[in-house]
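Below is one structure, written out as C-alpha cells; the observations come after it.
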Amino acid sequence: MTAALISWGKGRRAAAAIGAVSLGLLTLSACEKPTSLATVTVGSTTVQAEATPGCDGGGKVLSKKAVAACITKKGGKTITVHPGEKVRVGVDPEVAKSGWIVIGAGPVMRAPSKQTYRSFDADTLFMQQNPQTGQTSYRNDVTLQVAELGGGEGPKTLWHFTLKQQD
C-alpha cells in the first residue's frame, strides 16, 4: 500500500512539472523579439529609445507612405544640450551592420555609418539653412532622427529624440 501512495505522489509531481514547463514554453512563445535601441548621450545624461511606433519595418524597408509619416513625427525622449557640447549617438551592432544616419535640423552626416557610435557638435544639430537664401539660423529645439538604412532602398527603422538647447 505504501508503494501505491509513493508512486501516486510521484505522478502528481511529474504532472505538475510538465504543466510548469508547458506554461513556461507558452509564455516564451508569446514574447515578441525586442526592437533595437538607439542611445543619445549628452555630458553624463543618457536616454535610450526603442523604434518610434509605426517606424519599424521589422528588418524590411519601410513603405514610402510609412517613411513620409515617420519623417514628420516629433521627438520622443527629451535631452537638454548646452551650446558647444558633444552629442553622442549609439546604435545596436545589428543596426550598424545595415548602416545608419542621423538627421537634426538638417542632414548632419555625409555618408551612412557602419560604426555603433558617432559624436556630433550640438551646434551642427541645431543649425538650419534656408534653401532659398542660404542663410543659417539656429533652432531652440530639434527632433533628432536616427535611421537604420536598408541598402539604398530607404530606411528600415527610425528612432526619434527631442534635443532642447539650453543657454
Inset, instruction - Identify, by number, the condition in (1) in contact with a Ser or Thr (Cβ under 7 Å, 6 or more places away or on another chain); (2) farther than 19 Å from residue 55 by Cα; (3) open to solvent by less than 40 Å² (accessible area, probe 1.4 Å) that residue 120 doesn't meet. - result: (1)
Inset, instruction - Output the number of residues of segment 110-140 satisfying the condition of being under 20 Å from the mean Cα position of the chain (by Cα) and not aliphatic (A, V, I, L, M). - result: 9
Legend entry - Hits in segment 47-100 - residues which are exposed (fewer than 13 other Cβ atoms within 10 Å of the Cβ) and not in a loop (DSSP other than H, G, I, E, B): 64, 65, 68, 78, 86, 93, 94, 97
Inset, instruction - Report whether or not residue 106 is at pLDDT below 95 and either farther than 17 Å from residue 45 by Cα or surrounded by fewer than 16 Cβ atoms within 10 Å (Cβ to Cβ) (or both). - result: yes
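Does residue 111 qualify as being modelled with pLDDT under 95, open to solvent by 20 Å² or more (accessible area, probe 1.4 Å) and either assigned to a strand (DSSP E or B) or in contact with a strand residue (DSSP E or B) (Cβ under 6 Å, 6 or more places away or on another chain) (or both)? Give the steps one after another, and end with the answer.
Values: modelled with pLDDT under 95: yes; open to solvent by 20 Å² or more (accessible area, probe 1.4 Å): yes; either assigned to a strand (DSSP E or B) or in contact with a strand residue (DSSP E or B) (Cβ under 6 Å, 6 or more places away or on another chain) (or both): no.
Answer is no for this residue.
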Legend entry - Members of segment 32-61 found to be farther than 16 Å from residue 94 by Cβ, touching a helix residue (DSSP H, G or I) at 6+ places or on another chain (Cβ under 8 Å) and not β-branched (Val, Ile, Thr), listed by number: 54, 55
Inset, instruction - Please specify each residue of segment 136-149 satisfying the condition of being open to solvent by 50 Å² or more (accessible area, probe 1.4 Å) and either modelled with pLDDT under 90 or under 28 Å from residue 60 (Cβ atoms) (or both). - result: 136, 137, 138, 139
Inset, instruction - Search segment 125-147 for residues that are in a loop (DSSP other than H, G, I, E, B) and pair each with any residue that is polar (S, T, N, Q) when their beta-carbon atoms are under 7 Å apart and the residues are at least 6 apart or on different chains. - result: 139/128; 140/165
Legend entry - Scope segment 59-101; condition closer than 13 Å to residue 36 by Cα and out of contact with any strand residue (DSSP E or B) (no Cβ under 8 Å at 6 or more places or on another chain); matching residues: 93, 94, 97
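Go through the residues of segment 39-46 one by one and say whether even a single one is modelled with pLDDT of 55 or more and out of contact with any strand residue (DSSP E or B) (no Cβ under 9 Å at 6 or more places or on another chain).
yes
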Inset, instruction - Would you check which residues across segment 110-149 are among the charged types (D, E, K, R) and farther than 16 Å from residue 89 by Cα and list them? - result: 139, 141
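The values are calculated or read from the model by the stated rules, or taken from the named source; none is laboratory data. This structure is a prediction, so every number in the text was calculated from the model and none was measured. In this analysis, Cβ positions are derived from the backbone assuming ideal geometry, glycine residues included, and neighbour counts consider all displayed protein chains. Calculation scope for accessible area: heavy atoms of the full protein, side chains included, ligands and nucleic acids excluded. Shrake-Rupley method; radii C 1.70, N 1.55, O 1.52, S 1.80 Å.
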